[in-house]
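Every number in this text was worked out from the coordinates using simple rules, so none of it is lab data. Treat the numbers as computed from the prediction; the structure is a model and nothing was measured. Here the Cβ positions follow ideal geometry from the backbone for every residue, glycine too, while neighbour counts run over all protein chains shown.
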Amino acid sequence: KKVADRYLKREVLGEGTYGVVYKAIDTKSGQTVAIKKIRLGKHSDGVNFTALREIKILKELKDPNIIELIDAFPHKGNLHLVFEFMESDLEAVIRDRNIVLSPADVKSYLQMTLKGLAYCHKKWVLHRDMKPNNLLIGADGQLKLADFGLARLFGSPDRKFTHQVFARWYRAPELLFGTKQYGAGVDVWAAACIFAELLLRRPLLQGSSDIDQLGKIFATFGTPKPSQWPDMIYLPDYVEYQYVSAPPLRSLFPMASDDALDLLSKMFTYDPKSRITVQQALEHRYFSSIPAPTKPSSLPRPA
Ligand code: ADP
């Protein structure tokens, strides 16, 4: 049975934040695709105009490090988004104990992540939900960002508890303080968490609640001083914290190069206005100093 007269449905790949994802064959191109079925809330009758306009923007995002949205259509009251099929994701790579990640491999994964982000930020699209399992890896080893813009498009209404936990670990301090005017900096903070996770092979900031998440951030980087982040005190959920000093970042990443550590600390800057931008991060010494990033086809992958 064909969906939309074009896609042959295969097995279910998993249950995501927004609904079921299944594998399918695109009979038009012969390509294997992943179709994300998005449950539209019972309060919205069908797909609204704003969503369609936003989807049009997502369809126009074309970059080697962004997963392509091939098609989007409503079907039986659900919105179906068709993406290119990807073999694996960065979470699987980080978790696989049989995989050794060299400094050049880490550099390659971070560079591909930042290149995908840079492309979208240039077009004023934020990701807002960066985490290792949203960074998909193709058969050719290329890393591609998935779920671009979906967080803003669909919010997180029936987000399951488990999903929220994982997303929380990548959340920027301004989001945890309830800011409503966040910008591209939230993706930089999340990318920094992913960079740290590539180096450590475990998530750096594993908060068990939003408050605990802030506590983990403060314990790692020290409480932000008002001089470091002047706008902090005006944020909706700001509360005064007891002063904590930061251990040297070096002690947490004993094996990282000086360049890696310098870039990491610039990405983990408290004030989103002072935080390094994705473009500046790509121009950082870390990417021009040796070792050169591993080429995608030579990266280690899960068996
Ligand atoms: P989450 O909301 O937790 O990020 P997703 O909705 O992105 O989850 O995905 C749910 C499942 O579908 C996951 O197991 C993921 O690996 C798989 N999946 C999502 N997109 C693709 C894709 N383009 N190719 C292959 N598998 C995918």
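Per DSSP H run of at least 4 residues, take -39500 (n - 2.57); add these up for the chain, divide by its residues and hand me the 222 nm value, nearest 500 deg cm²/dmol. Write out the running numbers ahead of the final one.
Details: 12 runs with 105 residues, N = 303.
Value at 222 nm, helices only, nearest 500: -9500 deg cm²/dmol.
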### Task
Find me the longest stretch of the chain that has none of the exposed chymotrypsin sites (Phe, Trp or Tyr not before Pro), where exposed means in a DSSP loop (not H, G, I, E or B) with at most 10 other Cβ atoms within 10 Å.
1-123
#### Entry: Qualifying trypsin sites (Lys or Arg not before Pro) for the range 207-279 [loop in DSSP, other Cβ within 10 Å: at most 15]
273
### Query
What number of lysine-lysine pairs in the range 166-303 show an alpha-carbon separation below 24 angstrom, given a sequence spacing of 8 or more or placement on distinct chains?
9
## Note on the structure
Under the rule rounded for a/c under 1.5, else prolate if a/b exceeds b/c, else oblate, using alpha carbon gyration tensor axes a ≥ b ≥ c, the chain is classed as oblate
### Message
Taking loop as defined by DSSP and a crowding limit of 14 other beta carbons within 10 Å, which GluC sites (Glu not before Pro) in the range 43-133 fit?
### Response
60, 87
### Message
Quick check on the range 60-122: take the gyration tensor over C-alpha atoms, sort the square-rooted eigenvalues as a ≥ b ≥ c, and tell me if it's rounded (a/c under 1.5), prolate or oblate.
### Response
oblate
